[in-house]
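Each remark here refers to the structure printed beneath this line.
Where a number appears in this text, it was derived from the coordinates with a stated rule and is not lab data. Everything quoted here is computed from the prediction, not taken from an experiment. As a convention, Cβ positions derive from the backbone with ideal geometry for all residues, glycine included, and neighbour counts pool all protein chains shown.
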Amino acid sequence: MAGFTFRRFGVTFSFMTQTVSLPLWAFILIILFAAVTFASHFLFPSVRWFFRKRAERVIARLNERLQRPIEPFKLARRYDMIQRLIYDPVVTEAIVEHARKEGIPENVAFEKARRYAREIVPSFSATAYFTIGTRLARWLSKSLYRIKLGSFDRKRLNEIDPDATVVFVMNHRSNMDYVLVTYLAARAGALSYAVGEWARVWPLAPLIRMMGAYFIRRKSRGNLYRKVLARYVQMATRGGVSQAVFPEGGLSLNGFLAPPRMGLLNYIVEDFDAERREVIFVPVAINYDRVLEDSILIAADQSGTRRFRPSWGSVVKKVLRHLWLRVTRRFRGFGTASVSFGEPLELSKFHAKIDEDLTEAIAKALMQRIADVTPVLGVPIVARNILKSSPIARDDLINCVAQELEELTKRRLPCPRRKPDELVNDALSRLRGRQLIIEDDSAISPTDRGQAVLAFYANSIAHHFDAPAAKLSEISAVAE
Ligand SMILES: CCCCCCCCCCCCCCCC(=O)SCCNC(=O)CCNC(=O)[C@H](O)C(C)(C)COP(=O)(O)OP(=O)(O)OC[C@H]1O[C@@H](n2cnc3c(N)ncnc32)[C@H](O)[C@@H]1OP(=O)(O)O
């Protein structure tokens, strides 16, 4: 019998040709482990190579038709990006500082930084963005709204240096904002959004990461976290990644533009080096005839707590109602959604006044440029005039709206092109359908519920009219 004899231990190993019997589950487990090891050593690298090559071909094809090709930074592997971020000298310094301050070992602080980096860094997939994301965005936008471009200086925007980093700075009215802008900017390139912690839930978080968005924590005062975030934003900006930022830091609860938060802008401004790469901020203003979540936002504003937690029941009810309207062909859309692009701000050419903080001056200028091109739409202008002179007769309302539109058009503001009577009648039927106004034989006035909703829409364009000073100074104020 073949085998080995270890005399010292008094044991004879004669098992090489022996039969071994083992339970089926153990056998299956062994085969499974063997298969995985074989695949990871021999098959996965070639499979990975195959997919990588395919992805490269997709990206090469995409880059031919995009105005701004997808930057290599965006295509870097997530793992590599995380490593690059945590071994960045500024982050390393912050790790050492954090360990010293907290009295913890450096490797513990290092792990914390790694966790932050993993939370922030996206895992962009060009295929997911351009084949699913932009198509879904297009379908959603077009099926819910009539989409209009407001101010849009095509020549000026086409002149933007293709090597510059473009940062779209947008007002935040609805969760449709990023859907609309993703759709409208799809030909220009892929946008990377800064997303608040609200979306850090499964399965939303991995999907959002695949769309190239990066997560941010608001209200995190920790220096280590802030340094990791700052360096990520700075690396992406240096890498030429097109970004989209909502400087208000959240949805507008009352329709007015909220004061800007300056953290992200400051990271970009602080690290700016005109010799390396220009940064161009493009202000974007969005307005709607109907903000999908208006009642939730108004309720949050009235309660004074920024919490939007609609119950699952109410969401499902709304979706079912919407589907029913579509099935019965009674859905007539939510009216117009309009997007305007303001005067771009080139960072190298922007100079603050001597005693002014540069980031603050840029934030103010951007908010002003957003305000300047906020589109005027039917529901906001009708709501404004009803609130101004309620009760108001329909003909008087049409006259007031016509007058205001004429004035605004002279000032080259983005206004609807429909005739005033058509515009007013359409807006009134939308407001009446939601029981926000009542109209008897002689006049129109808001219902109790309608008062707040009408104000929400009227506020979105209030700054275009004669008493804007108070609110505009608020827009320019620093966020507390
Ligand atoms: C269906 C198909 C769809 C397809 C398409 C999919 C796309 C894929 C989904 C995308 C989905 C996107 C959805 C996004 C919707 C949101 O989530 S909006 C909310 C998130 N966005 C933002 O908040 C952006 C703006 N916010 C900021 O910049 C904030 O400052 C930060 C960085 C987040 C921090 O927020 P915070 O903790 O509240 O602090 P805040 O007081 O605002 O700022 C303090 C910082 O500002 C600095 N600062 C303050 N004043 C000044 C000053 N005068 N000068 C210089 N610095 C100053 C301070 O130094 C401080 O910096 P640190 O020392 O902390 O680094």
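Among the trypsin sites (Lys or Arg not before Pro) in region 343-429, those placed in a DSSP loop whose Cβ has at most 11 other Cβ atoms within 10 Å are Lys353, Arg411, Arg412, Arg417. Quick one: Cα centre-to-centre distance for region 297-361 and region 111-176, in angstrom? Each part's Cα centre sits 14 Å from the other's.
Phi angles of region 416-425 translate, via the Karplus equation with coefficients 6.51, -1.76, 1.60 and θ = phi - 60°, into HN-Hα couplings of x, 9, 5, 5, x, 5, 4, 4, 5, 4 Hz per residue; Gly and Pro are given as x.
A cut-off under 10 angstrom between Cβ atoms defines the neighbours of Val284, and their net charge, with Lys, Arg +1 and Asp, Glu -1, is 0. Take region 219-351, drop everything but the C-alpha atoms, weight them equally and run the Debye formula without solvent; then report log10 I(q)/I(0) at 0.10, 0.11, 0.13, 0.19 Å⁻¹ to two decimals. For the requested q values the scattering log ratios are -0.53, -0.63, -0.81, -1.18.
Phi-derived couplings, Karplus 6.51 cos²θ - 1.76 cosθ + 1.60 at θ = phi - 60°, listed residue by residue for region 272-279: 5, 9, 4, 5, 7, 7, 6, 10 Hz, with x used for Gly and Pro. Applying the Karplus parametrisation 6.51 cos²θ - 1.76 cosθ + 1.60 with θ = phi - 60° to the phi angles of region 391-400, what ³J(HN,Hα) value in whole Hz is obtained for each residue in order, glycine and proline being reported as x? Karplus values, whole Hz, x for Gly and Pro: x, 10, 6, 4, 5, 5, 4, 4, 5, 4. Computed from the Cα positions only, the extents of region 378-459 along the three principal axes stand at 35, 25, 20 Å, in decreasing order. Helical content of the chain, expressed as a calculated mean residue ellipticity at 222 nm, amounts to -15500 deg cm²/dmol (DSSP H runs of 4 or more residues, -39,500 (n - 2.57) each, divided by residue number, nearest 500). Listed cross-link partners Lys364/Lys410; Lys74/Lys227; Lys142/Lys388; Lys142/Lys364; Lys112/Lys227; Lys364/Lys388 are compared with a 22 Å cut-off, the Cα-Cα value being larger for Lys364/Lys410; Lys142/Lys388; Lys142/Lys364; Lys364/Lys388. Site pair Asp395 and Arg154 shows an inter-label distance of 4.2 nm when each label is modelled 7 Å from Cα along Cα→Cβ. Which one, Thr92, Pro380, Leu405, is farthest towards the positive end of the dipole of the chain when Lys and Arg carry +1 and Asp and Glu -1 on their Cβ? So the residue we want is Thr92. For region 154-261, the list of GluC sites (Glu not before Pro) that fall in a loop by DSSP and count at most 11 other C-beta atoms within 10 angstrom reads Glu159. The magnitude of the dipole of region 364-475, with charges of +1 and -1 set on the Cβ of Lys/Arg and Asp/Glu and taken from the Cα centre, is near 560 debye. Simple rule: put +1 on each Lys or Arg Cβ and -1 on each Asp or Glu Cβ in the chain, find the dipole, and look at Met211, Leu436, Gly222; the Cα lying farthest toward the positive end is Met211. Take the chain and mark each of the chymotrypsin sites (Phe, Trp or Tyr not before Pro) that is in a DSSP loop with at most 13 other Cβ atoms within 10 Å; the longest unmarked stretch, sites excluded, is 88-480.
Of the trypsin sites (Lys or Arg not before Pro) found in region 65-151, the ones in coil according to DSSP and having at most 15 other Cβ atoms within 10 Å of their Cβ are Arg77.
Each of Glu439, Glu119 was scored by other Cβ atoms within 10 Å of its Cβ. Arranged with the fewest first, they read Glu439, Glu119. Kirkwood's formula applied to the C-alpha pairs of the chain gives a hydrodynamic radius of 25.8 angstrom. Site pair Ala361 and Lys349 shows an inter-label distance of 1.6 nm when each label is modelled 7 Å from Cα along Cα→Cβ.
At full extension, Lys388 and Val90 could sit 101.8 nm farther apart than now, given 0.36 nm per residue minus the alpha carbon distance.
Here Ala55 and Ala34 are evaluated by their C-beta separation; at R0 = 25 Å the FRET efficiency comes out at 0.25. P(r) tail for region 307-373: Cα pairs beyond 15 Å make up 72% of the total. Pairwise Cα distances in region 38-105 exceed 21 Å in 55 percent of cases. For Arg329 and Glu197, the difference between the fully extended length at 0.36 nm per residue and the C-alpha to C-alpha distance is 43.8 nm. Residues Ser429, Ser192, Ser21, Ser460, arranged from fewest to most other Cβ atoms within 10 angstrom of their Cβ, appear as Ser21, Ser429, Ser192, Ser460.
What the Cβ-Cβ distance of Asp161 and Trp25 gives, at R0 = 60 Å and to the nearest 0.05, is a FRET efficiency of 0.40. The translational diffusion coefficient of region 35-157, from Stokes-Einstein at 10 °C and 1.306 mPa s with a Kirkwood hydrodynamic radius over alpha carbon pairs, comes to 85 µm²/s. Here region 26-156 is treated with +1 on each Lys and Arg Cβ and -1 on each Asp and Glu Cβ, and its dipole about the Cα centre works out to around 1160 debye. Once the other residues with Cβ under 12 Å from the Cβ of Gly450 are scored (Lys, Arg +1; Asp, Glu -1), what is the net sum? Every neighbour counted, the sum reads +1. Around the Cα centre of the chain, unit charges on the Cβ atoms of Lys, Arg, Asp and Glu (plus for the first two, minus for the last two) sum to a dipole of about 2320 debye. Between Arg307 and Glu275, the simple label model (points 7 Å from Cα in the Cβ direction) yields a spacing of 5.3 nm.
Counting neighbouring beta carbons within 10 Å and listing from fewest to most, the residues Leu22, Leu358, Leu325 come out as Leu22, Leu325, Leu358.
Summarising the strand pairing of the chain, around 45 percent of its internal DSSP beta bridges are antiparallel.
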